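Report on the following structure.
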Amino acid sequence: MALVSYVLGDCPGCGAENKFGNVDVYGDYVYLGCGRCRYNERHPLPPVKKKVLYLDQFFFSHAVRGKEARFVEATKRIVELAALQLLVVPYSSVHEEETHQWSRHQELLEFIKKTSRAMSSLPPMRWSRLN
Ligand SMILES: [Zn+2]
């Protein structure tokens, strides 16, 4: 018997109605189980294709100005991929501090938050030195 977090249907083992479904994810597998009996299945998950992209202040300030075609094009792609959840653009408080040095900082900050999709929970200094 398992704690089913998302019901998929009837249990193939005992036949209990709407008791079978997703239980948990471990590594590359999703475990399915029954809320009534011990029947369970293990299915491999598709490989993760999500990419993490670290954008620096140089990119953001060019992108938000929208004057250079290559930055405009790159920005469009990033926003599209982020919307499809194929891309994660981490954002940290370091970005927020740095943008204050820029004249249109509010606009820039909005853009950073939009592309990073609220990934603001990262520790501020751990990755920012990679830029
Ligand atoms: Zn069952």
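A few points about this structure:
Condition check ((1) charged (D, E, K, R); (2) in contact (Cβ under 8 Å) with a residue 24 or more places away in the chain; (3) in the same structural domain as residue 106 (by TED's automatic domain parsing)) across all residues:
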| site | (1), (2), (3) |
| --- | --- |
| 15 | no, no, no |
| 18 | no, no, no |
| 35 | no, yes, no |
| 57 | no, yes, yes |
| 63 | no, yes, yes |
| 73 | yes, no, yes |
| 80 | yes, no, yes |
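- Here is the figure for region 1-23: residues that are closer than 9 Å to residue 37 by Cβ and among the charged types (D, E, K, R) total 1.
- Test result for residue 111, at negative phi, modelled with pLDDT of 60 or more and touching a His at 6+ places or on another chain (Cβ under 9 Å): no
- Subset of region 1-45 (residues that are loosely packed, with under 14 Cβ neighbours inside 10 Å, away from the ligand (no atom under 16 Å from the Cβ) and assigned to a strand (DSSP E or B)): 24, 25, 26, 29, 43, 44
The values are calculated or read from the model by the stated rules, or taken from the named source; none is laboratory data. Note that the structure is a prediction, hence the values are computed from the model and not measured. Note that each Cβ is placed from the backbone with ideal geometry, even for glycine, and that neighbours are counted across all protein chains shown.
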